[in-house]
Amino acid sequence: MNSNQRSVIVVGMLAVFGMLLMPPWKSRTYALIFDPPANTEIDLVRLMLQCALALVFAGAMFFALKTHGTQTDSIESLPSSRTNMLPIYVVSGFAIVALALFGWHGLKQYQLQQAAREEIVEEEHRSIASAGRMVDAQDRAAAVASAISTQDENTRKQNAKEWDNRLKKLASRKSWPTVTNLMPGIKANFYTHWKDDVLYYRFQISGSPADLEFATAKNHSFQIALKDAEGTDRFKMNIEPSQLRPYSNRSGAWSIMATDNAGQACSMEAYEGLAKWQLTGGS
């Protein structure tokens with residue numbers, strides 16, 4: 001067998017081996033027989049066609065070799081001085097192809113495993129980052145809630161303080177403008193304060209004892225009207241001279257006649273809306 005025949009045999013066997021390594025998987029791309037894709041199905045028609053092509057190729061190679069004939073009897077009778085290297089070539093070729101294919105397969109599997117590991121690491125990083133963002137969001141929410149709570153507490157304290165100041169101001173004695181045109185020598189004063197929905201008031205007139213006696217004798221009552229800023233009457237009071245009690249000065253002579261603190265139901269808003277008072281005397 002000459003070198004051309006040996007080359008044909010080697011190439012033919014490698015071709016058959018390669019055909020057998022290409023399996024009939026039903027997939028978009030071919031994969032090697034030892035590395036089938038996931039969820040594969042065998043295409044029987046393709047498998048039968050592959051086997052038939054392998055047989056036809058092997059038969060054609062066999063008949064092609066037969067046409068070359070045999071060597072002469074004289075040459076055949078001579079002992080071969082060289083060792084037949086065809087089996088070694090064939091085995092070496094199969095080994096090289098197998099090692100290359102299995103090495104490629106191992107490299108592919110390694111790359112897939114590395115990609116899977118990198119995906120897992122990236123997923124862990126994303127999870128850690130997401131957890132960090134969640135913790136940051138929770139911290140920001142807690143800070144906002146704390147700030148809102150502090151603001152609400154400060155507002156509540158401010159409102160409570162303003163309410164206390166408002167109550168203290170209403171409970172303080174308010175002196176209304178003095179009236180001097182009621183009678184000659186007589187001054188009239190009016191004082192009020194508010195507490196617990198009650199308007200407390202004190203009405204007094206001052207002057208000499210003779211003027212006070214004349215004023216109480218002439219006027220059978222003193223009429224007081226409390227008005228708002230528009231001049232509308234909100235409260236009216238009728239005070240008789242008998243309700244006035246004399247108060248003496250340091251010398252012992254009485255110079256003031258005033259009522260005791262009296263009360264009248266009144267809301268806070270109504271009391272705060274009072275702006276002026278009016279005094280008239282009834283004969």
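The values are calculated or read from the model by the stated rules, or taken from the named source; none is laboratory data. Since this is a predicted model, take the numbers as computed values, not measurements. Cβ sites come from the backbone with ideal geometry, for glycine too, and all protein chains shown count toward neighbours.
So which residues in the stretch 152-195 are closer than 20 Å to Pro241 by Cβ and of a type in the set (D, E, K, R)?
Lys187
Quick check on the stretch 201-208. Is at least one of its residues charged (D, E, K, R) and over 15 Å from Leu279 (Cβ atoms)? Give the derivation first.
The initial filter retains those residues of the stretch 201-208 that are charged (D, E, K, R), namely 202.
Okay, now just the ones that are also over 15 Å from Leu279 (Cβ atoms), so none.
No, there is no match, as no residue in the stretch 201-208 is charged (D, E, K, R) and over 15 Å from Leu279 (Cβ atoms).
Please determine whether any residue of the stretch 214-223 is of a type in the set (A, V, I, L, M) and modelled with pLDDT of 90 or more.
no
Scan the stretch 233-264 for residues that are loosely packed, with under 11 Cβ neighbours inside 10 Å and among the hydroxyl-bearing types (Ser, Thr, Tyr) and jot them down.
Residues satisfying the conditions are Ser242, Ser251.
For a quick check of your reading: which strands (runs of 3 or more DSSP E) sit entirely within the stretch 182-283 and have at least 1 residues that are more than 60 Å from the chain's Cα centre (by Cα), over 24 Å from Ser172 (Cβ atoms) and of a type in the set (Phe, Trp, Tyr)? Can you show your working first?
Working: elements: 187-195, 198-206, 221-228, 233-239, 245-248, 254-258, 262-265, 274-282.
In the stretch 182-283, the matching strands (runs of 3 or more DSSP E) lie at 221-228, 254-258.
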